[in-house]
1. Evaluate the range B:63-77: report whether one residue or more is free of Cβ contacts under 8 Å to residues at least 40 places away in the same chain and surrounded by fewer than 17 Cβ atoms within 10 Å (Cβ to Cβ).
2. What single numbered condition from (1) in a helix (DSSP H, G or I); (2) more than 14 Å from every other protein chain (Cβ to nearest Cβ); (3) surrounded by fewer than 21 Cβ atoms within 10 Å (Cβ to Cβ) fails to hold for residue B:51?
3. Limited to the range B:107-125, what total is found for residues that are at the interface with another protein chain (Cβ under 10 Å from one of its Cβ atoms), touching a helix residue (DSSP H, G or I) at 6+ places or on another chain (Cβ under 8 Å) and surrounded by 24 or more Cβ atoms within 10 Å (Cβ to Cβ)?
4. Within the bounds of the range B:11-21, is there any residue that is in the same structural domain as residue B:375 (by TED's automatic domain parsing), touching a strand residue (DSSP E or B) at 6+ places or on another chain (Cβ under 6 Å) and in contact (Cβ under 8 Å) with a residue 40 or more places away in the chain?
5. Give me a count of the residues in the range B:126-150 that are within 14 Å of chain A (Cβ to nearest Cβ) and over 13 Å from the mean Cα position of the chain (by Cα).
6. Collect the residues in the range B:187-201 that are crowded, with 24+ Cβ neighbours inside 10 Å and touching a helix residue (DSSP H, G or I) at 6+ places or on another chain (Cβ under 7 Å), keeping them in residue-number order.
7. So residue A:162 passes all but one of these: (1) within 14 Å of another protein chain (Cβ to nearest Cβ); (2) in a helix (DSSP H, G or I); (3) over 23 Å from residue A:39 (Cβ atoms). Which condition number does it fail?
8. Check whether at least one residue in the range B:275-285 is out of contact with any helix residue (DSSP H, G or I) (no Cβ under 6 Å at 6 or more places or on another chain) and facing chain A (nearest Cβ under 9 Å), and report yes or no.
C-alpha cells in the first residue's frame, strides 16, 4: 500500500550530504572545517543587486510574466550581446535557477526513458534532474590525465543509439574546471547535426576563465535548430539563493513549448529578477575584479595539489573547481577520515569525493573535487592541511 | 529531426492567454478592462513581508537548505499549530510555489502514465503539472447546480483502476469557491485508505472561508500514511510573485524522497522565505481584516450573478472565485465578445471561460470563472457591466 514511484525511490541523495554528520562532529570537537566541498562562493553578492531589491516600490508582489519580466529579458539580451552572442528576448525563458532550465530541457526533448549523453565526471545534480524528468543519463568517461577533455568523435558516435536525444556539456566544467575548446564544441555540434540530437550547453561559469577563451554553443555556426543553452546568475553574481536562471534556444517550437512549461508553473521569482537585472549592468569591470581573485585562488589550489606527490591534475582553466586524482585508495573514506580522525592546528578540510560525480559504478574513487570558494589565506592553509591529511591517511 | 517530446507537444497553453490579444485590443481602443479572469489579488502584500526582505543583512545570497530555511520551517509548524494542525518542521518541504509542491507530489507517487483523480472543473494548471510529471489526470465531474460538491462514493470508487494512484482535492476550491465539508474530506480519506491511494490536498485558500469551517486533510484521523498537503503563501499573503509553497506529509519515506527532490534543485528562493516568515507572525487579526474585505466582494459578485436571469450559481463559501453557469451558449465566444465587441461607458470585463477548467471535451461551455480580486466599487461596476454584456451577447 502507498508505494512511492520508482522516481521517488531512485532519486539520489546528495552525495555530499552523507558527509555532513562527520563535519558536524568535527565542529563539535572545536575543529575548524575549511569547506572545499561545495560551490557556494564567498564573494559578496553585488550591492547593486541588493539595492534594486531593497528599493523595489511595488506594493503587491504579483505574478510576473511566465517567460520572465520583460525588462529582465531585454537586459539578458543585452548581456549576451556583450558576450558576443546575438540572442533576442524572445529566445529566452527565465527559469527558477539553472536547475529548472535543465529539467525543462530534459523534459522538452525526451520521452520518459530516453537518454542524454553526459561526460563524466559531471555535476552530480544532473542525476536528480534526470530522475525528475524520468530520463536516463548515458555517461562517457573523461580522464584526469587528459585534463578531462572530450573523448574522440568515434567514441561519442559509437554511444549514440535510438534512445539518445541529446548531448549535455558544461563549459567551463563543474566539477573538473576544464575549458572545452572551440574545436571540441564544434565537434559536438557536428555530431548533433548529423545525428539529429540536441546540444544542451550549461554555461553558468562562462566568465570564469583563466586561460584561453570561452566558447558558447552559440559561437558555433548553424546550431539554431538544436542548441539549448542553460544559464544561471547563481555563480556569476554570487547569488545562489536567488534561483534565477534561463533557457535559451533559437528553435522557435522548442521555445514556445518552454514558455508553456513556464506558464504551467506561473512565473520565476519576481524580486530576484529585479536584482539580477541590476547586476547585469555591472558589465566587464565587475568580472575582471572577481576573476582576478579566482585566478589567484586557482593558482593556490593548483600549487597545493602539485605539492602532494603522486597527484594527477591538469591545471584547470575555468570555473572554480579542480578535480584531482590523489594518491589515495578511497576518496569517500579519505573525506570521512579528514573530518573524523584528522586535524592540524585544530583545523581540517572537507572535500567532495569523486564517486559522487560519476554515474558509472566504481569510478572516481581516487579523485576529489576541490571548490576554491575561500579567500586566498584560508585556501593556502587549507591546501597545506590537505597535503598533511593525505600523508596521514596513507600512513594509518 | 529534432523532434520535441510528446510532453512538449501536449502541454497546454494557458487557456486565458488566448484572450490576452483581445484584451490588448480593447485597451488600445481606450476601453478599461476589469480583470475578473485571474487570481492575482489586489490586496497589498503585508508591510512586514517587505520589511523583512528590505532589512535582510547577509552579504551573500547563498544557497539555503534544500528542505527550506530552518527558521521558516519552524515558523510554518507554528502557523499550522494555530490552524489546529500538528505538523512538525520535519514533515514539511518548502517548495518554489505551490506549483513545485504539486509537481513533486505527482512525480513522487506516480510512474509515468499513471493517474490522479481530479474533480472538474479544476485549477487549469493541474494539467500542466501533470504533463511535466508525465502523468494523467482522471476527471470526475461536479455540477454547478449542486455547488460543485463531490460526487458520491460509488461514482468515485467506480473510477478507480490499477493506474490510479491518488485523488486530488482543492479546498476551498479554485475555480468554484466550493468549501468541501468534513464529511466529504472524510469520505475521500476512507476511499484512499481502502484503495491504497494518496490524497493530495491543495489548501492554499485555507483562510478564505466565508461560511462554515475549513477542513484540512490533516483534520481527518488516520491519514498519516497517505495524506499530502500542498500549500502556498501566494494568495494567503498576496505574494504570488514570491514563489514560496510547501509540501506536507507525515509519511516519512515520502518526506525523505521529497527532500531528495529538493536537494536536486538545490533550494527554494531564500529572500522570499525570509519575507514569508515575517508574514506568518501576523496571525489571525490579519486574516480577519482581509477576509472581511473578501466577504464583501463575494457578496457583490453573488448578488451581481443572481441579477443575471438564468444564472446558476450556489453561493460560493470560500476562496475568491465563483464559477457561474450563465445564460450563454459559448463562454469562449462570450469572453471574446466582451473584449472586442462590447463596452459600457468605455469599460468592459474579462472573464475566464469555463472550458479551460475542464479536462473533458465540450464541458463548461456555458460557465465562466469570476475572480473577485478588485475593490468593492470596481467590482459593483464590473458585475453591472457583465449583466449588460450577457444581454448584449444574447441579442446579437
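The values are calculated or read from the model by the stated rules, or taken from the named source; none is laboratory data. In this text the structure is predicted, and so the values were computed from the model without any measurement. Cβ placement follows ideal geometry from the backbone for every residue including glycine, while neighbour counts extend to all protein chains displayed.
1. Filtering the range B:63-77 down to residues free of Cβ contacts under 8 Å to residues at least 40 places away in the same chain leaves B:70, B:73-74, B:77.
Now drop any that are not surrounded by fewer than 17 Cβ atoms within 10 Å (Cβ to Cβ), which leaves B:70, B:74.
Yes, some residue in the range B:63-77 is free of Cβ contacts under 8 Å to residues at least 40 places away in the same chain and surrounded by fewer than 17 Cβ atoms within 10 Å (Cβ to Cβ).
2. It fails just one condition, (2).
3. Of all residues in the range B:107-125, those at the interface with another protein chain (Cβ under 10 Å from one of its Cβ atoms) come to B:107-114, B:124-125.
Right, trim to touching a helix residue (DSSP H, G or I) at 6+ places or on another chain (Cβ under 8 Å) and you get B:107-109, B:111, B:124-125.
Those still in the list that are surrounded by 24 or more Cβ atoms within 10 Å (Cβ to Cβ) too: B:107-109.
Residues meeting the conditions: 3.
4. Within the range B:11-21, one or more residues are in the same structural domain as residue B:375 (by TED's automatic domain parsing), touching a strand residue (DSSP E or B) at 6+ places or on another chain (Cβ under 6 Å) and in contact (Cβ under 8 Å) with a residue 40 or more places away in the chain.
5. Here is the first cut: in the range B:126-150, the ones within 14 Å of chain A (Cβ to nearest Cβ) are B:126-137.
Pick out the ones that are also over 13 Å from the mean Cα position of the chain (by Cα) and you get B:128, B:130-137.
Looking only at that region, the number is 9.
6. If the condition is that a residue be crowded, with 24+ Cβ neighbours inside 10 Å and touching a helix residue (DSSP H, G or I) at 6+ places or on another chain (Cβ under 7 Å), then B:198, B:200, B:201 are the ones that fit.
7. (2)
8. Looking for residues that are out of contact with any helix residue (DSSP H, G or I) (no Cβ under 6 Å at 6 or more places or on another chain) and facing chain A (nearest Cβ under 9 Å), one finds none in the range B:275-285, hence no.
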